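The values are calculated or read from the model by the stated rules, or taken from the named source; none is laboratory data. For clarity, every value in this text was computed on a predicted model and none was experimentally measured. Using ideal geometry, Cβ is built from the backbone for each residue, glycine included, and neighbour counts are taken over all protein chains shown. In case anyone asks, the SASA skips ligands and DNA or RNA and just uses the protein heavy atoms, side chains included. Shrake-Rupley method; radii C 1.70, N 1.55, O 1.52, S 1.80 Å.
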Amino acid sequence: KTPLFFARNNKLLGIIAVADTIKKDSPQAIRELQNMGIRVVMITGDNERSAKAIGKLAGVDEVIAGVLPEGKEKEIARLKEQGSVIMVGDGINDSPALSAADVGIAISDGAELAREIADITIGADDLNVMVTLKEISNGLMDKIHKNYRRIVGINGSLIALGVTGVIQPTMSALLHNTSTLLIGMDSMKSVL
């Protein structure tokens, strides 16, 4: 908790302790992201003790606290040396880091500047959206790889059959176009 001291004429009137809270579904979403192989790092301007307490409750892998906006951008650059970085933020102070990340994701009810700079704007401040985005991404990549293998296999076979004279060029073109159409139609199926 962060203590707030109230005083008048150098006399302490009282102390109020405030604490950030996390949404009850955040730890579950973070665990799911971690199970997908994503390292979750919290970068915040909050003091280290408060940030580490919240980070522990949320279950993040690393907490980087006491960071000013330009420091967030530097931390993103440092993290990019270790791999691809997705930054999720909602404030003006997050904008440099959103821009520096490989993918910047802004919350729709956050600052307009953050939404403008981000690559993606999500409509909810619920981390489960991140899990869904990762699942969609994985599904799309699987579909791309599957389609690539199918296209190379079919076209390679058609070329081999055409070169050896087993099928005529017009039949090869018809089979090629038909397979392209069928693969394209199959690609329109939902990835989830």
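Quick look at the numbers
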read-out	value
Dipole magnitude (debye, nearest 20) for the chain, charges at Cβ of Lys, Arg, Asp, Glu	460 debye
Simple spin-label estimate for Leu140 and Lys56 in nanometres, 7 Å along Cα-Cβ	3.9 nm
With all protein chains modelled, accessible area of Thr164 [1.4 Å, Å²]	100 Å²
Hits among lysines - C-alpha to C-alpha of Lys80 under 24 Å, sequence gap 8 or more where chains match	Lys52, Lys56, Lys72, Lys134
With every protein chain in place, the range 134-192: carbon and sulfur % of accessible area (1.4 Å)	70 percent
Carbon/sulfur fraction of accessible area - the range 1-114, other protein chains in place, 1.4 Å, %	52 percent
In Å², nearest 10: area of His145 left accessible to a 1.4 Å probe	90 Å²
Sites Leu4 and Leu113, calculated FRET efficiency, Cβ-Cβ separation with R0 25 Å, nearest 0.05	0.30
Probe 1.4 Å, accessible area per residue of the range 127-192, Å²	70 Å²
Nearby lysines by direct alpha-carbon distance to Lys11 (threshold 27 angstrom, same-chain neighbours under 8 apart not counted)	Lys1
The range 2-106, accessible area per residue, ligands and nucleic acids excluded (1.4 Å, Å²)	63 Å²
For Arg39, net neighbour charge (Lys/Arg +1, Asp/Glu -1) across residues whose Cβ lies under 14 Å away	-2
Alpha-carbon centroids, the range 48-69 and the range 1-46: separation in whole Å	8 Å
